[in-house]
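Report on one structure; see the data block that follows.
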Amino acid sequence: MICPNCRASLLRKERPGSVCGKCGRPYALDPKVHGRGMHDTRIRRVVDKATDGGRRNVTVTQLWYLARTGNPVREAGPDNSISPRTAHSIGAGLLAGLVLLGLLVHGRSFAVLLLSAGTAVSALVYGAALSARDMPGTRAHGFVLPPERSFRSMICKRWVQVYGHLPPGIVDDGAGREARPYTGQPRPGAVEVLCPDPAVRVFLAANDLPARLDLILAAAPGELCGTGPVVVLHDAGLRGLQLVADARAQLPGRVVVDAGLPLRVVVGNAKAVRLHEDPPESVLEEPPQWLRELAPAAPDHADWLVEGWFSPLAAVPPAVLESAVVRAVREARGAADREQREAVAAGFLSWPQSPEPAVEGGN
């Protein structure tokens with residue numbers, strides 16, 4: 001590998017204990033120890049691009065997705081187990097074939113021997129089928145390499161141990177590190193951003209978007225307590241789209257903008273991160289209205305969702321994610337302003353003037 005300090009090319013024996021044998025300086029990551037692609041020079045390149053040279057803050061989770069070296073996926077396979085009845089038929093056919101072969105080739109005595117052996121084989125096949133009759137097919141899966149726990153240890157522990165701090169612009173979004181930029185009652189008309197991903201919420205707060213755009217961050221619909229428009233940030237997946245539907249159902253009369261990762265960007269895209277989770281049984285038994293509407297319009301997207309695939313919002317390049325949030329907030333404010341103007345024009349937001357008192361008297 002190349003020493004990240006002096007740029008010397010080092011053999012394995014020339015870097016004992018992760019210390020360069022040429023310049024004598026330590027380094028954090030060694031691909032022979034931490035896995036393919038995990039070395040200081042590459043991580044620094046990824047960090048510099050993601051943070052725009054340190055001008056943007058990026059979470060460790062986002063860096064993990066950006067620095068990934070693989071995203072193996074496997075589609076679900078069919079149930080390959082055989083029923084006891086099928087196994088019994090296979091065993092009986094095998095036994096009959098062996099006996100017939102023995103009679104034709106070696107006569108009756110050898111056929112008796114084959115009959116005994118065939119009976120044992122048939123019993124083994126039948127027993128194997130009984131034990132495997134409830135065996136499910138191959139389960140789908142998708143994961144990221146290196147694993148998140150390993151990568152977090154490399155950056156938050158090993159890197160800090162060697163260099164004394166995280167790479168410039170990288171923010172630790174580990175448990176308990178989320179910042180709450182605002183407390184108390186929201187300001188009238190403030191945009192609330194509903195985002196269940198803590199890494200994305202930390203990213204937004206670390207880049208001062210709540211203050212810059214006058215936003216309030218919420219992790220769940222129950223945390224929404226204002227009256228202004230709502231922007232929903234979510235993964236491209238079943239749970240994310242259901243979150244949008246729930247927010248619209250629970251917040252009648254409020255503008256709700258879907259700013260989640262679009263399915264069209266990830267379905268069929270080999271470069272997108274693809275993960276898997278078993279969809280809720282309730283969704284499979286009784287699909288929600290939005291999914292029933294999606295199925296005829298985009299059947300490949302609906303199938304992708306029902307199969308349990310999703311792509312995380314935190315894997316989106318930070319610059320793209322930030323610009324998407326800015327556009328969604330502007331769209332939400334514009335929609336809320338239009339609704340307010342229409343309501344004013346219709347007279348819903350203005351009280352009618354009190355009638356003039358009647359003039360008493362007269363002839």
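Tabulated data for the structure shown
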{"item": "Residue 267, sole failed condition from (1) open to solvent by less than 90 Å² (accessible area, probe 1.4 Å); (2) out of contact with any helix residue (DSSP H, G or I) (no Cβ under 6 Å at 6 or more places or on another chain); (3) under 23 Å from residue 75 (Cα atoms)", "result": "(2)"}
{"item": "Any hit, the stretch 252-260, residues being open to solvent by less than 40 Å² (accessible area, probe 1.4 Å), within 26 Å of residue 75 (Cβ to Cβ) and not in a helix (DSSP H, G or I)", "result": "yes"}
{"item": "Residue within the stretch 265-273 that is of a type outside the set (Phe, Trp, Tyr) and in contact with a His (Cβ under 9 Å, 6 or more places away or on another chain) present", "result": "yes"}
{"item": "Residue 328 under 15 Å from residue 71 (Cβ atoms), aliphatic (A, V, I, L, M) and open to solvent by less than 20 Å² (accessible area, probe 1.4 Å)", "result": "no"}
{"item": "Matching residues in the stretch 228-243 - criterion: being crowded, with 24+ Cβ neighbours inside 10 Å and charged (D, E, K, R)", "result": "235"}
{"item": "Near pairs, Cβ below 6 angstrom, 6+ apart or cross-chain, from the stretch 156-171 (closer than 16 Å to residue 4 by Cα and of a type outside the set (D, E, K, R)) to any residue that is open to solvent by less than 40 Å² (accessible area, probe 1.4 Å) and part of a helix (DSSP H, G or I)", "result": "167/47"}
{"item": "Residue 306 vs. criteria on the phi < 0 side of the Ramachandran plot, crowded, with 19+ Cβ neighbours inside 10 Å and β-branched (Val, Ile, Thr)", "result": "no"}
{"item": "Criterion: modelled with pLDDT under 75, within 29 Å of residue 235 (Cβ to Cβ) and loosely packed, with under 13 Cβ neighbours inside 10 Å - qualifying residue of 70, 77, 93, 53", "result": "77"}
{"item": "Number of positions in the stretch 29-40 that are surrounded by fewer than 14 Cβ atoms within 10 Å (Cβ to Cβ) and part of a helix (DSSP H, G or I)", "result": "3"}
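The values are calculated or read from the model by the stated rules, or taken from the named source; none is laboratory data. Remember, predicted model here, so these are calculated numbers, not experimental data. Neighbour counts are summed over all protein chains in view; Cβ atoms, including those assigned to glycine, are modelled from backbone coordinates with ideal geometry. Accessible surface areas use protein heavy atoms only, side chains included; no ligands, DNA or RNA. Shrake-Rupley method; radii C 1.70, N 1.55, O 1.52, S 1.80 Å.
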